[in-house]
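The values are calculated or read from the model by the stated rules, or taken from the named source; none is laboratory data. Only a predicted model underlies this, so the values are computations on that prediction, with no experimental measurement involved. With ideal geometry, Cβ positions are generated from the backbone for all residues, glycine too; neighbour counts draw on all protein chains shown. These area figures cover heavy atoms from the full protein model, side chains too; ligands, DNA and RNA do not enter into them. Shrake-Rupley method; radii C 1.70, N 1.55, O 1.52, S 1.80 Å.
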Amino acid sequence: EEKTRSSYEQKLQNTQHSVSKKLLETALAKQSNLIASADVTTTQELLELAEKVGPHVIALKTHIDIISDFDYEKTITPLKALAEKHQFLLMEDRKFADIGNTQELQFTSGVFKITDWADFVTSQVIGGFESLDCFKNVGVVAIIGMSSKGTLTTSSYREEALKVALSHPNVIGAVSQNAIPEEILLFTPGVNLADSGDGKGQQYNTPEHVFKTLHTDFIIVGRGIYKSDNPEQASITYKNEGWKAYLNSLEK
Ligand code: BMP
């Protein structure tokens, strides 16, 4: 049967970056392409969610600056231990969007010290190629297109942003609602099985849709999991739906 996309095994063979390799190896080992977005606001909620969904996800995506009681020792140290215990990566969704020098300070300094714990981070590419040079020890996922209604990530913007992403050695992937070249990994948020939007501009698709039409690699699910009555069960449902959709997308 004719293949319409590369498998995770094929992508693993073709990638050089250690973080891409780890993500793909974890996906294959867990039979999961799910990243849970932990958009909770206390350390306790963050750690409880990580404990419940950890076995079923390949990565936990944080917005570390929304944790109201953030404390490096109380928040990050146990989070890193859970990541080790359940074998998932830490993705900090910082969406850097400044000049290189400022991004470097935001990445290494302040209370969050993202460089010390994140396996990979998101960044806009609006600051240009050199603005991404500072992310040496992590993988960068470039924001190419956004899921929200009225986003300014038009096709001409995406085309230019992709040129930066594809040419930069620190970039392992892209966040987008459109298909991208296969050299880098595609991460797609805006995934929910129950809702089509949130009344605040967010627009949702199903796992089936994003694997079939975008050939995405990884789905990112926030409220579909952490707002569910049973986040662990919800993570298993999204994991199974995502894996089934991935397998279907391999067939013509
Ligand atoms: P939810 O599934 O609850 O809508 O959460 C989506 C998550 O993905 C949020 O953390 C948001 O910041 C992020 N995200 C998004 O929704 N759309 C984008 O285009 C880029 C994102 O990082």
Next on the checklist: Being touching a Leu at 6+ places or on another chain (Cβ under 6 Å) and either touching a residue at least 12 places away in the same chain (Cβ under 8 Å) or more than 16 Å from residue 58 (Cα to Cα) (or both) is true for just one of 157, 238. Which residue is that?
Outcome noted: 238
Checklist entry - Between residues in region 219-230 that are closer than 13 Å to residue 48 by Cα and residues that are open to solvent by 10 Å² or more (accessible area, probe 1.4 Å) and within 8 Å of the ligand (Cβ to nearest atom), which pairs lie under 9 Å by C-beta distance while being six or more apart or on different chains? => result 226/39
Item to check | Selection from region 76-108 of residues that are assigned to a helix (DSSP H, G or I), under 14 Å from residue 119 (Cβ atoms) and among the charged types (D, E, K, R) | outcome: 80, 84
Item to check | Filter result for residue 177 (within 11 Å of the ligand (Cβ to nearest atom) and over 17 Å from residue 36 (Cα atoms)) | outcome: yes
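Can you tell me how many residues within region 180-192 are within 11 Å of the ligand (Cβ to nearest atom) and not hydroxyl-bearing (Ser, Thr, Tyr)? Spell out how you get there, then give the answer.
If we filter region 180-192 for residues that are within 11 Å of the ligand (Cβ to nearest atom), which is where we start, we get 187-192.
Retained after the next criterion (residues that are not hydroxyl-bearing (Ser, Thr, Tyr)): 187, 189-192.
Matching residues across region 180-192 total 5.
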Checklist entry - among the acidic types (Asp, Glu) and open to solvent by 10 Å² or more (accessible area, probe 1.4 Å): does that describe residue 84? => result yes
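Please tell me if residue 27 is touching a Phe, Trp or Tyr at 6+ places or on another chain (Cβ under 8 Å), buried (at least 19 other Cβ atoms within 10 Å of the Cβ) and assigned to a helix (DSSP H, G or I).
Yes; evaluated as a whole, the condition is true for this residue.
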Checklist entry - So which helices (runs of 4 or more DSSP H) stay within region 146-248 end to end and still have 1 or more residues that are of a type in the set (A, V, I, L, M, F, W, C) and surrounded by fewer than 23 Cβ atoms within 10 Å (Cβ to Cβ)? => result 155-167, 207-214
Checklist entry - For region 54-75, which residues satisfy the criterion of being in contact (Cβ under 8 Å) with a residue 12 or more places away in the chain, within 19 Å of residue 117 (Cβ to Cβ), more than 13 Å from the ligand (Cβ to nearest atom) and assigned to a helix (DSSP H, G or I)? => result 54, 72, 74, 75
Checklist outcome for this item: Over region 124-136, the set of residues part of a loop (DSSP other than H, G, I, E, B), surrounded by 13 or more Cβ atoms within 10 Å (Cβ to Cβ) and away from the ligand (no atom under 15 Å from the Cβ) is 127, 133, 134, 135
Checklist entry - Could you list, in sequence order, the residues of region 67-104 that are over 16 Å from the mean Cα position of the chain (by Cα) and among the aliphatic types (A, V, I, L, M)? => result 67, 76, 79, 81, 82, 97, 99
